[in-house]
């Protein structure tokens, strides 16, 4: 099967239970189709997507703006489980994350975004994906549902 790769982007302030519910609801239908999943390495949606997809034995690539060695300790065990780690070796600037997200969009056919409304990274990524004529699915994350 030659299924389109999928990129997942989202807010950093989403708790695990909310993220997993969103994935079950919106991503389950895409599992077990031979897809490659492209993920960033941030807290929130990225980390919960990595966990959830690995539990389902999906092919996962993580795209890092810098290098594996420069990643925080919490993500190091996940890196070892990735099918591919893409290190972009970008200069240390805030724009590195924007570039990383655009790189992921350029490699995929479908983009899923889960956004709380805080921060602009996810919104900018989704707008870029639309301009690149990718299939885009954007879901708001309720502030109330996300409270611990």
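Would the stretch 60-75 turn up any residue that is over 18 Å from residue 121 (Cβ atoms), modelled with pLDDT under 95 and in a helix (DSSP H, G or I)?
yes
Filter the stretch 28-45 down to residues that are touching a helix residue (DSSP H, G or I) at 6+ places or on another chain (Cβ under 9 Å) and closer than 19 Å to residue 101 by Cα, then give me how many there are. It would help to see each step written out before you state the result.
At the first step, the residues of the stretch 28-45 found to be touching a helix residue (DSSP H, G or I) at 6+ places or on another chain (Cβ under 9 Å) are 31, 36-45.
Narrowing further to those that are closer than 19 Å to residue 101 by Cα: 36-45.
Final tally of qualifying residues: 10.
Select from the stretch 1-34 the residues that are over 15 Å from residue 140 (Cα atoms), in contact with a strand residue (DSSP E or B) (Cβ under 7 Å, 6 or more places away or on another chain) and assigned to a helix (DSSP H, G or I) and list them in ascending order.
Passing the criteria: only 30.
Say whether the condition of being surrounded by 16 or more Cβ atoms within 10 Å (Cβ to Cβ), within 15 Å of residue 113 (Cβ to Cβ) and modelled with pLDDT of 95 or more is met by at least one residue in the stretch 77-97.
Checking the stretch 77-97: not a single residue is surrounded by 16 or more Cβ atoms within 10 Å (Cβ to Cβ), within 15 Å of residue 113 (Cβ to Cβ) and modelled with pLDDT of 95 or more.
Pick from 129, 138: which is within 15 Å of residue 23 (Cα to Cα), crowded, with 16+ Cβ neighbours inside 10 Å and in contact with a helix residue (DSSP H, G or I) (Cβ under 9 Å, 6 or more places away or on another chain)? It would help to see each step written out before you state the result.
Values: 129 fails: within 15 Å of residue 23 (Cα to Cα).
The unique qualifying residue is 138.
Inside the stretch 76-119, can you point out the residues that are part of a helix (DSSP H, G or I), closer than 24 Å to residue 26 by Cβ and touching a strand residue (DSSP E or B) at 6+ places or on another chain (Cβ under 8 Å)?
78, 81, 100, 101, 103, 104, 105, 107
The values are calculated or read from the model by the stated rules, or taken from the named source; none is laboratory data. None of these values were measured; they are calculated from a predicted model. Neighbour counts run over all protein chains shown; Cβ positions are idealised from the backbone, glycine included.
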